[in-house]
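> Before I ask anything, here is the structure I am working with.
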Amino acid sequence: MFDLPKWLLALAFFNVLSLLSSVFLLFGNYMPFGYIENGVVRVLAYIALQLLWVLPIASFFAGIMCYDYGHRRLGPLILVAGNLLTLFGFYYVLTGA
C-alpha cells in the first residue's frame, strides 16, 4: 500500500463507502419496487440490489491490483466506475427510486 500514490488510495477509499449502504440493501425487507408476485423476478431483483454494494468493493480490489500490476490507466478507470456505482447505490437507498 505504501507504493501506491495517495490520489489513487483516496479514489479507492470511496468504493469502500458502499459498505454503509449495504446495511439497507443486504436484508430482503427493502423492496423499492413494492412486492413482486413472480418469484423468479423477485430473486433477480434481490441479486441486482446486492450487486449495488458488491461490485464497488470488487472494483476497489480490481482497480488497485490493476494499477499495481502496471496498468496505469485501467486501474483508475475501474475505480471511477466503482465510484459511480457507489453514488448510484447511495442515491437509490436515499431516494427509494
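The values are calculated or read from the model by the stated rules, or taken from the named source; none is laboratory data. Since the structure is predicted, the reported quantities are computational estimates derived from the model, not experimental observations. Glycine gets a Cβ as well: all are built from the backbone with ideal geometry, and neighbour counts include every protein chain shown. Protein only, heavy atoms only, side chains kept; ligands, DNA and RNA dropped before computing areas. Shrake-Rupley method; radii C 1.70, N 1.55, O 1.52, S 1.80 Å.
> Pull out all pairs, ordered by first then second residue, where Cβ-Cβ is under 8 Å, the residues are six or more apart or on different chains, the first lies in region 1-17 and is touching a residue at least 40 places away in the same chain (Cβ under 8 Å) and part of a helix (DSSP H, G or I), and the second is aromatic (F, W, Y) and loosely packed, with under 12 Cβ neighbours inside 10 Å.
none
> Quickly run through region 1-46 and pick out the residues that are modelled with pLDDT of 85 or more and among the aliphatic types (A, V, I, L, M).
Listed by number, the residues that qualify are L4, L8, L9, A10, L11, A12, V16, L17, V40, L44.
> I would also like to ask the following. If you go through region 55-97, how many residues are open to solvent by 90 Å² or more (accessible area, probe 1.4 Å) and either under 19 Å from L19 (Cα atoms) or of a type in the set (K, R) (or both)?
8
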